[in-house]
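Participant: This structure is in structure tokens; I'll ask about it shortly.
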Amino acid sequence: MNQRSGASVFFADLHHPGGRDEQIEELFSQIPTNTEKIFLLGDIFHYWLNDPVFIQDLYAPFLRRLERWADEGILLFFLEGNRDFLASHYLDTLPWIDVLINPS
């Protein structure tokens with residue numbers, strides 16, 4: 001019997017508006033239990049400002065969700081998009097996510 005290795009999940013263009021978003025929560029609840037890697041491929045955030053207050057007000061719950069996945073052993077990767085290119089500067093300081101260099 002062939003056993004399948006862990007799944008890789010790809011998200012792009014979520015344009016997360018910040019705060020609680022029920023559609024995104026529903027999407028995240030459907031991630032397979034055998035997920036080993038999650039790739040966040042640009043425009044995950046609707047917009048991003050490098051202001052700690054802005055980050056805490058709008059995206060702290062979302063970032064905590066990502067960190068919980070990392071704590072569960074899921075590898076996280078982020079590739080910036082045109083809406084959230086400043087996020088890579090912030091995310092690059094976090095030990096639980098790898099920021100990928102934009103190949104373009």
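Participant: Counting only residues that are touching a Leu at 6+ places or on another chain (Cβ under 6 Å) and assigned to a loop (DSSP other than H, G, I, E, B), which one in the range 27-47 is nearest to ALA70 (Cα to Cα)?
Facilitator: The selected residue is ILE44.
Participant: For the range 8-25, check the following and say yes or no: at least one residue is under 25 Å from ILE101 (Cβ atoms), crowded, with 17+ Cβ neighbours inside 10 Å and among the aromatic types (Phe, Trp, Tyr).
Facilitator: Yes.
Participant: Considering every residue within the range 67-75, establish whether at least one is among the hydrophobic types (A, V, I, L, M, F, W, C), within 13 Å of the chain's Cα centre (by Cα) and in a loop (DSSP other than H, G, I, E, B).
Facilitator: Yes; the residues of the range 67-75 include at least one that is among the hydrophobic types (A, V, I, L, M, F, W, C), within 13 Å of the chain's Cα centre (by Cα) and in a loop (DSSP other than H, G, I, E, B).
Participant: Every residue in the range 54-91 that is surrounded by fewer than 12 Cβ atoms within 10 Å (Cβ to Cβ) and modelled with pLDDT under 90, please.
Facilitator: Passing the criteria: GLN56, ASP57, ASN82.
Participant: On to the next question. Please give the number of the condition ASP51 fails out of (1) among the charged types (D, E, K, R); (2) out of contact with any strand residue (DSSP E or B) (no Cβ under 7 Å at 6 or more places or on another chain); (3) modelled with pLDDT of 90 or more.
Facilitator: Here ASP51 clears every test but (3).
The values are calculated or read from the model by the stated rules, or taken from the named source; none is laboratory data. Since the model is a prediction, treat every value here as computed from it, not as a measurement. Every residue, glycine as well, gets a Cβ built from its backbone with ideal geometry; the counts of neighbours run over all protein chains shown.
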